[in-house]
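**Q** The structure under discussion is supplied below as structure tokens; questions concerning it will follow.
Derivation of every value follows stated rules applied to the coordinates shown; laboratory data play no part. Just so it is clear, the structure is predicted and the values come from calculations on it, not from any experiment. Here Cβ is always computed from backbone atoms with ideal geometry, including for glycine, and neighbour counts include all displayed protein chains.
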């Protein structure tokens, strides 16, 4: 991850953030906004009611202290809830501000005729339409999102990714997408604009980070319904209590009933719910992943099948030479020499690994001879090599080399070696010199260190990993075994991926995948969580519901963990909030009925000082617990890959049992403080 | 409390579970349309019914279809029963020429028997003729029980597979339940009760001369078979006003044990049926364990409260060793009374063999609290299971997030629609119980019905609406229930408690049935095992019970602590 995001996440709160959030907390008291949150809205309505009553008493000279004290803490309950949301939003806003600075008005060089770079007219970037062609030269900011039509250039994308090393963008292929707001460092590009003004990647990103496009996720909606239902149930219980109390010969004041209701309705989770959601998105942003919606983050927690590309995710990007196997009658030295010469012109990472292997293991490091002609790899011959002084050296796929040698069947010993290499999951290359079969190179896929353990972890979380590779079945099976994935798709075409995803989804499973190419787009769109690489094509970036700015497909695993963490935090605080109710009954019920039935004082198990201090302590605890849990809501409850049963036991113990016990202690402490300070 | 007392209680419970196991599997089998051992005898009758009614038992119904059939049939039965009760005077088997019921009492009674409540605002043998008792009440005990079981089956099926469009055929379910389950057991149990001394005759009374030479008229009637289905279908409406405390309804300890056994048999059996239908027996065991926790805890509290006796009486020199025997039959004693009482209130049976009004405050509160939890541990036949499943869904939804997935129960994802329907159903309980009880406590005409003042009066009123809403039907007694206000409001409470709960549940079943069934993995929230049992118990207490605590603390709790402090009202 880039460094600037680390510094941003180092402090959970800082001064300016807090003061801004405090101001926003008051702005959010607007009932038309607050009505989206039923529990806190009810609390606000009740706060208004109690305040009016308290003030009326004050004006008429009746005792008003208790009612006003209750009113103060009811208001604090509401304010702490809006503050939690404001502070969660504030953290995203800082990032959005820095993004906005890159969105300054730029001038674009509009090409009336894309073929002719010489003639362009300067226009404002905001005036560009989809389909326009623009020229971007070294030092220019790319005016809007687009596809490179002509040219190749290095582009500094640090504005988006935070990564300062420039990346190559070129026409055609999977590296043709450019993002508005990034800067061309060298060379030039002709870009066809693909995004209308205001809907560029940068704009979307700013809106996402700001939370402007935040909608309630399906799980949030369901939870809201539960909380609204609970609020109604307790509303019925408190309103009917008026009748029961009247029968019992006691009149319960509005402040007392208000206190009981607010303590019973789930204000803790109601107050923190949206903060948890925003913080979850924010964690992803800090992790340099942008999610199109909270729904996508939630889906990430639910994912139970991960589709992972072999290359770059499971194995190190490139295959490396791991053995040279001579054909019958060829010495190792001659083979190594032929291999080194055949590879001299091969600049690919694989070629370099072969040269390194020849040098390190066989002491063979020939210089390129004078006048030697490099034969580049071509799609027709599928061979590459070197011609020099009448000698020719070639290497390539086994059948291509045999075809070049015009040999119908290779020696049995050689074929056996090839088969053994393939079965081990490696790739065999054949090498020939001057019409003679010299031997084979084993190119091995190196499984990333530690990835096997990660997959075992995922399995414990109930997530199935599926490796996707273009390799044949035998090779794929060998690497799958070595990496410890649960399943693999060999010789995979983009359609295969799509079919596999549909099949798994029809069983009720949720699938996540990462991809960057245009032909990945349908599968990315079909997957429940499709993570497009920032470096990928525009089509891929639009198809996925997340974009990884670091373009690291391995991050899929962490994305799933962040999604789970979000859901766990929500569940933990809901459980905690509901479990809190038990103790509040023991605090409030004896206090409000003690006038009617003094014997009910026996239920005052906490031995709270007076009825007033008991009710006040419960209300104060109820308000303070929200603000006390804000850090947890923002940070999230830790996720451990220990399997659902163990995780449930652990969290139920902490947040369920803890939720029952904690308020007993908290209310008692507050009551003692009130008694000490003589307030009650 | 004594060892032999507990041994008696646990033995009965153990026998019930052992018998319920095969019965549960049998229910799953016959309601699926598979052949049981009674098929050679009864399947021609079953086919005859289908042919007569033009029903294709294979034809599946959507949730709307299923719910409509269920509600329409119940409405029809309500009208039939209402007419029968009003016109009793003109109908046969009325040797004592008893007059028809008043409109409001007929409304209350018809609602009571159609909803499986069996609240008895009427006087039993002195109000109803043998004819009305037989085809009026007894036949509806079968229909209302079968209705509940059918609805529970429909909800269970919704969990069985993914992508289901239908929940089964209501007519076939109803026919099979009555024919293969309720009738055979009721017949056998009825004969057993006759053997134990329960009368079954069309004569309405026997004349006897007492030892002192006085003339006495002893009421009789077709009691035994009504008694059998009264217990088996968790109905609870006794032939006699005194219900199972009447010597002809519960002549001895054996008959009482048999009755307790019958009450629990089907509610417990249905947990095994559920496990069988969803294809995972452990799911049923978990529900059974939750039921076990509540039942045993309730028996312990009630037994303890009654056995300890009334401290006020002890202070007056009454021997506390006998416990609180007021209102209890000497032939049963405290353990059996406590067991019977918990069993009939834990289920929605509502039969009583001792008068709750005379229980110690905590003993009575235990019963009331069990009903307020929603009649779900184990509740009425069928209605208990679907109620328990609603709470299981809520429990999974609340805590399920803590494993890091959106919650799913038995592979079915719980989303906004399911939460909405579950909360809608659960909301009915406090609305009807607390709402109507609080209202009745401030309406002067209703207050006149109370037999006691102070917190005990509050308990009487709260209990009445609790019992009606929970479709239990037992009474705290002490309340004169046949008044215009109470007949009407209690009738409404029964209606709400049954259908306002049932219809959201049917919609829930429809919504769940359509969903894909996600195969379980190690990341799935486990809904069997001790952890889930504990969680579900906690959620039932906190979300199903706590809202009643303020009202309860002004009733039985106030009375309890006042009693400890030596105060009476």
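**Q** Roughly how tilted is helix A:38-60, in degrees to the nearest 10 and between 0 and 90, from the longest Cα axis of chain A?
**A** For helix A:38-60, the angle is close to 30 degrees.
**Q** Can you tell me the 0 to 90 degree angle between the C-alpha axis of helix A:201-210 and the longest principal axis of chain A, rounded to 10?
**A** Roughly 30 degrees between the two axes.
**Q** What's the Cα-based Rg to Rh of chain A, Rh via Kirkwood? Numbers along the way, then the final one.
**A** Values: Rg = 33.4 Å, Rh = 29.7 Å.
Result for chain A is an Rg/Rh of 1.13.
**Q** Just from its helices, what would the mean residue ellipticity at 222 nm be for chain A, if runs of 4 or more DSSP H residues each count -39500 (n - 2.57) and the sum is divided by every residue, rounded to the nearest 500 deg cm²/dmol?
**A** Values: 25 runs with 352 residues, N = 680.
Counting only the DSSP helices, I get -16500 deg cm²/dmol.
**Q** Counting each DSSP H run of 4 or more residues in chain B as -39500 (n - 2.57), what helix-only mean residue ellipticity at 222 nm follows after dividing by all residues, to the nearest 500 deg cm²/dmol? Kindly include the intermediate steps, with their values, before the conclusion.
**A** Working: 22 runs with 330 residues, N = 569.
About -19000 deg cm²/dmol.
**Q** What FRET efficiency do you get for residue A:481 and residue A:374 if R0 is 51 Å and r is their Cβ-Cβ distance, rounded to the nearest 0.05? All intermediate terms of the calculation are to be shown ahead of the outcome.
**A** Numbers: r = 38 Å, r/R0 = 0.74.
In this case the efficiency is close to 0.85.
**Q** Name the residues of region A:350-370 whose amide N is less than 13 Å from a point 7 angstrom out from the Cα of residue A:311 along the C-beta direction?
**A** The answer is A:350-351, whose backbone nitrogens lie closer than 13 Å to the label point.
**Q** Another question, then. Using alpha carbon centroids, what distance separates region B:402-451 and region A:528-599, in Å?
**A** Going from one Cα centre to the other spans 26 Å.
**Q** Here's a follow-up. Mind giving me the nanometre distance, one decimal, between the label points for residue A:36 and residue A:448, set 7 Å out from Cα along Cα→Cβ?
**A** 3.6
**Q** Any idea what angle helix A:494-506 forms with the longest principal axis of chain A, computed on alpha-carbon atoms, 0 to 90 degrees, nearest 10?
**A** 30
**Q** Run the numbers for residue A:126 and residue A:595: contour at 0.36 nm per residue of separation, minus the present Cα-Cα distance, in nm.
**A** Working: separation 469, 0.36 × 469 = 168.84 nm, distance 7.19 nm.
In short, 161.6 nm is gained.
**Q** May I ask you to derive the FRET efficiency for residue B:541 and residue A:653 from their Cβ-Cβ distance with R0 = 22 Å, giving the value to the nearest 0.05? Each step should come with its number before you reach the end.
**A** On the way: r = 18 Å, r/R0 = 0.80.
With a Förster radius of 22 Å, E is 0.80.
**Q** Something else about it: What is the Cα centroid distance between region B:200-256 and region B:496-562, reported in whole angstrom?
**A** After rounding, the separation between the Cα centres reads 37 Å.
**Q** So, by mean Cβ neighbours within 10 angstrom, what's the order for B:231-239, A:84-92 with the highest one leading? Present the calculation step by step, with values, prior to reporting the outcome.
**A** Details: B:231-239: 31.3, A:84-92: 24.6.
Averaged packing, sorted descending, gives the order B:231-239, A:84-92.
**Q** While we're here: If each of residue B:6 and residue A:506 carries a label point 7 Å out from its Cα toward its Cβ, how far apart are those two points in nm?
**A** 5.8
**Q** Stretch residue B:453-residue B:254 to full length: gain in nm at 0.36 nm per residue minus the Cα-Cα span?
**A** Values: separation 199, 0.36 × 199 = 71.64 nm, distance 3.73 nm.
Separation in residues times 0.36 nm, less the Cα-Cα distance, equals 67.9 nm.
**Q** While we're on this one: Cα gyration tensor of region B:479-569, axes a ≥ b ≥ c as square roots of the eigenvalues: rounded (a/c below 1.5), prolate (a/b > b/c) or oblate? Don't skip to the end; give the middle numbers.
**A** On the way: a/c = 5.37, a/b = 1.52, b/c = 3.53.
Judged from the Cα gyration tensor, region B:479-569 comes out oblate (a/c at least 1.5, b/c at or above a/b).
**Q** I would also like to ask the following. Kindly state, to the nearest 0.05, the FRET efficiency for residue A:165 paired with residue A:49, given R0 = 45 Å and r defined as their beta-carbon distance.
**A** On the way: r = 61 Å, r/R0 = 1.35.
After rounding to 0.05, the efficiency reads 0.15.
**Q** Rounded to two decimal places and with Rh computed the Kirkwood way over Cα pairs, what is Rg over Rh for region A:467-513? Don't skip to the answer; put the middle values down first.
**A** Values: Rg = 11.1 Å, Rh = 11.2 Å.
Radius of gyration over Kirkwood radius for region A:467-513 works out to 1.00.
**Q** Give me the distance between the Cα centres of region A:372-432 and region A:205-240, rounded to whole Å.
**A** Each part's Cα centre sits 65 Å from the other's.
**Q** What is the spin-label model distance, in nm, from residue B:293 to residue A:115 if the labels are put 7 Å beyond Cα along the C-beta direction?
**A** Inter-label distance under the simple model: 7.9 nm.
**Q** With 48 Å as the cut-off, how large is the P(r) tail for the protein assembly as shown, expressed as percent of Cα-Cα pairs? Show your work: numbers first, answer last.
**A** Details: 357514 of 779376 pairs.
Tail of the P(r) past 48 Å holds 46 percent of the pairs.
**Q** In Å³ and rounded to a whole number, note down the convex hull volume per residue for the Cα atoms of chain B.
**A** On the way: hull volume 85.3 nm³, N = 569.
Each residue corresponds to 150 Å³ of Cα convex hull volume.
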